[in-house]
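Everything below concerns the one structure shown next.
Nothing in this text is a laboratory measurement; each read-out follows from the coordinates by a stated rule. All figures in this text were calculated on a predicted structure; none of them were measured in a lab. As a convention, Cβ positions derive from the backbone with ideal geometry for all residues, glycine included, and neighbour counts pool all protein chains shown.
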Amino acid sequence: MNSRTAHVARRPGQRARWFSEIGWRHLVGIIAVVYAGFPLVYVVSASLADGGTLTGSNELFASVSGANYAALAGTRFWTWMANTLVVAVATGAGTVLMGAAAAYAFSRFRFSGRRVGLTALLVIQMFPQMLAFVAIFLLLISLGNVVPGLGLDSKLSLICVYLGGALGVNTFLMYGFFNTVPREIDEAAKIDGASHAQIYWTIVLRLTAPILAVVGLLSFISTFGEFIIARVLLQSEDSWTLAVGLYGWVSSLQDANWGLFTAGAVISAVPVLALFLFLQKYIVGGLTAGSVKG
Amino acid sequence: MYSPVTRGSGRTGWSPGFLVKLVLIALVDALGVYAVLAAWGAESWGVLAAMVALLIVANWAYFSKRALPLKYILPGLAFLLVYQVYVVAYTGYVAFTNYGDGHNSTKEQAIEALLVQNERRVEGSPSAPLTVVADGDTLGFAIVSPDGAVQAGTADQPLEPVDGASVDAGQVTALPGYDVLEYAAVLERQQEVTELRVPVSDDPNEGSVRTQDARTGYVFTSTLEYDSASDTMTDTTTGVTYTPNDDGQFEAADGTTLPVGWRVLVGLDNFVTAFGDDRYAGPFGKILVWTFAFAVLSVASTFLLGLFLAIAFNDARLRGRRIYRTLVILPYAIPGFLAALLWSGMLNRSHGFVNEVLLGGASIPWLTDPVLAKLAVLGVNLWLGFPYMFLICTGALQSLPTDVLEAAKIDGAGRWRTWRSITLPLLLVATAPLLISSFAFNFNNFTLIYMLTGGGPRFDDASVPLGHTDILISMVYSVSGLDGTAAKDYGLASALSIVIFLVVATISALAFRRTRSLEEIA
């Protein structure tokens, strides 16, 4: 009886306290989720809309059809998708291999020029490669006169340009992580007769796999969305990446191409979104260690 | 005891690893030698020298026992040197030249282009029976001289005598080394045929052979004449003499210049143009201010919202925390270019989702009004960027040392006091380097600006293609003319790039020094 009256008496106060401690967090959460999510709901709805125009996409889920997705087959969308994946996967893999090798050298060997090299990398990090796009364009014109595959309008040369930025961005991240792998392990292996290459490939790379995954993923994601260099270098529509191609659709005929664009956007967001959500834990670890996604 | 001692580059002998290395180096060498030969053929001495140097270093590094660290650094270093260090240095060089439309090439190429562009058919010049031929895919002409000899050439290959041609009724019917084009094929490539010029000889002053009807060739000679001894151009129709000036153009005594120039060093002219020229200085000043405002406000707004959400979700008693977190970071998992394009549609004035649905049919010019466009850019960047700040703030909050917080509680500090004196300073120390990188990233956030507003709305007081939401990097892009909307000016574009380099590097350097001192205090 006593406790019951106390309970009843406390109830309004309790609710206010619940709200001031927990409830408002739910309120904020719901608002934040709506804010973060409504453009995504919109793009899915627009991609399923019948008409395929900007005007006709405003009523959410008024019609559901796969017409826009089917229409993509009649465009260069899948070529662009393939180009983008080729470039992004090659860049991601190359970045990991070259960055890890350099980080290994800086972390494990003591050689003259090591300190200068590390400082130089730190300085180079401050000069974003994309700012030099005019010079890159001019360089590729002259390289293209010599070896056409390394000139403008080639995926290979785009990959090479991206790899040029690989060492500057991520070596430091890896270097720090490599330093946390105890040197005693390598020394033990060396005494057992392993060569430096065996130590690198079979021991150090396995122990540093998490950071390699992070660097590879971040490099994949930022290459996937890179625009300015791809736009300057890739001139024929068949070699465009998604960023260049989809921009072309929206900038030329926004209203008419809206259905195509939204369907393309949903498809091209899927690989990145999936990677991101499945490997969230690793990526977040890498982000807090200092990378920036493009 | 019988096996050789292993040291330096590892095992001696033919282990699988050594074989792999051998194959890889052989491949690199083969490609490298091919590139060297190609560079020789194209007479690109710079590329040639760089390739030779790279090949020598690569072979030395992988076969010497003393170059152990270099074995691991070289692959990345080679790309870094060519595609980053070199291009940054080259940007620095171009910034001091007038490279761009009208000044595209070397002086020799400019002279040749001038001579070619001013070629006219001279009255009464000789004509000759002509046949269109092809060497593979390249078109060429074969002509029959009055003495019956046959000469052939293409655009790159001046006319030279060819033996063994069959001539029927004054026309060539077969020619060794070339295919004679059928009439139908000529019609199909009519435009190419009428535009083709086959030089008479290596000397551009001698002119070229051209045709209008694919049956008769005429010699065209230039109305300009270049005299290499005095380094002057003379117009043979008017008699005016042009001499080279300091801007890389041929200039007559009355100040008129010939249209094709060459690139020369112009000192600080490009920087003077950016800061002092009437056309550029005004927009440049506005764009500089807006770039700073955009970068600072973007970092501040995303950080505050991210921090607020991180605090809101940082309570173990909150149910569904993981779901909230996952949903809130979704914008961050979308590639930036898609988000910017998506918002450009949603903010469309007449048909966009924001005006039509959220604001009930309003017609607000989100992307075309100078002030609203800036707000829109900031708003979209807030949507794009707050999840990143949310992630790093959550990480930082969770790794705060609990003992310090407890000590504050024991000392009787209230919630607000703890927050202001303990949590916030520690949080800032942890996140400051990331805020700086975020600033540098937004300072150059080309994708967002270009895809959302394209830099527009345009300034109405400028003859240059710049607008109210342009930031420095998108200004560089417009000025460079690589999008085809304006005259190319690589020199000015590179000078602006250098300005950005300096700003970003200075701020990073200052800020990193400050964070280090912050850490020492903390």
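List of remarks:
- Spatially close lysines, pair count over the protein assembly as shown: Cα under 16 Å, gap of eight or more or interchain: 4
- With Cα atoms, 0 to 90° folded angle of helix B:107-117 axis to chain B main axis: 60
- Amide hydrogen neighbours beyond the local backbone of B:E119, cut-off 5 Å, H modeled: B:T223
- FRET efficiency for the B:L24 to B:I323 pair, using the beta carbon distance and R₀ = 45 Å, is estimated at 0.40.
- Separation between Cα centres of the range B:292-354 and the range B:14-59, rounded to whole Å: 48
- R0 of 22 Å, Cβ-Cβ distance B:V122-B:D213: FRET efficiency to nearest 0.05: 0.75
- The angle separating the long axis of helix B:424-443 from the principal Cα axis of greatest extent in chain B is about 20 degrees.
- Shielding value for B:65-74 is 6, the average number of Cβ atoms from other chains within 10 Å of each residue's Cβ.
- Summarising the label geometry, the points placed 7 Å from Cα in the beta-carbon direction at A:T119 and B:V357 lie 5.7 nm from one another.
- Options B:Q190, B:L492, B:N205, ranked by Cα towards positive dipole end of chain B, top entry (Cβ charges): B:L492
- Exposed GluC sites (Glu not before Pro) absent - longest run of chain B, DSSP non-H/G/I/E/B, at most 16 other C-beta within 10 Å: B:183-522
- Top positive-direction residue, dipole computed over the range B:225-338 with Cβ charges, set B:A229, B:V299, B:T241: B:V299
- For chain B, the Cβ-based charge dipole about the Cα centre amounts to some 4760 debye (Lys, Arg positive; Asp, Glu negative; other atoms uncharged).
- Those trypsin sites (Lys or Arg not before Pro) in the range A:83-173 that DSSP places in a loop and that have at most 12 other beta carbons within 10 Å: A:R110
- Considering only B:I311, B:G282, B:I364, and ranking their Cα positions along the charge dipole of chain B that arises from unit charges at the beta-carbon of Lys, Arg, Asp and Glu, the one farthest toward the positive end is B:I311.
- Placed amide H near A:L152: partners under 5 Å, 5+ positions off or other chain: A:G144
- Acute angle (nearest 10 degrees) that the helix B:370-398 long axis makes with the longest principal axis of chain B, alpha-carbon atoms: 50
- For the range B:278-521, relative contact order (Cα pairs under 8 Å, six or more residues apart, normalised by length) works out to 25 percent.
- The helix-based estimate of mean residue ellipticity at 222 nm for the protein assembly as shown, built from -39,500 (n - 2.57) per DSSP H run of four or more residues and divided by its residue count, is -19000 deg cm²/dmol to the nearest 500.
- Taken about its Cα centre, the range A:75-288 carries a charge dipole of about 540 debye when Lys and Arg each add +1 at the Cβ and Asp and Glu each add -1 at the Cβ.
- Cα-based Rg and Dmax for the protein assembly as shown, where Dmax is the largest Cα-Cα distance (Å): 32.4, 131
- Shown here is the pair-distance distribution of the range B:122-234: with all Cα-Cα distances grouped in 5 Å bins from zero up to the longest one, the shares run 2, 12, 23, 24, 18, 10, 5, 4, 2, 0 percent.
- Taken residue by residue and averaged, Cβ atoms of other chains lying within 10 Å of the Cβ of B:384-392 number 2.
- Relative contact order %, chain B, counting alpha carbon pairs below 8 Å whose residues are six or more apart: 14
- For the range B:19-35, Karplus couplings with θ = phi - 60° (6.51, -1.76, 1.60), whole Hz, Gly/Pro x: 4, 4, 4, 4, 4, 4, 5, 4, 4, 4, 5, 4, 4, x, 5, 4, 5
- The percentage of C-alpha pairs in chain A whose separation is greater than 37 Å is 36%.
- By the compact-protein rule of thumb, 2.2 N^0.38 Å, the alpha-carbon radius of gyration of the range B:392-437 corresponds to a ratio of 1.20.
- If only the Cβ of Lys and Arg carry +1 and only the Cβ of Asp and Glu carry -1, the dipole of the protein assembly as shown around its Cα centre is close to 6840 debye.
- Hydrophobic long helices, here whole DSSP H runs in chain A with Kyte-Doolittle means of at least 0.5 and Cα atoms spread over 30 Å or more along the helix axis, are found at A:24-48, A:77-108, A:254-278.
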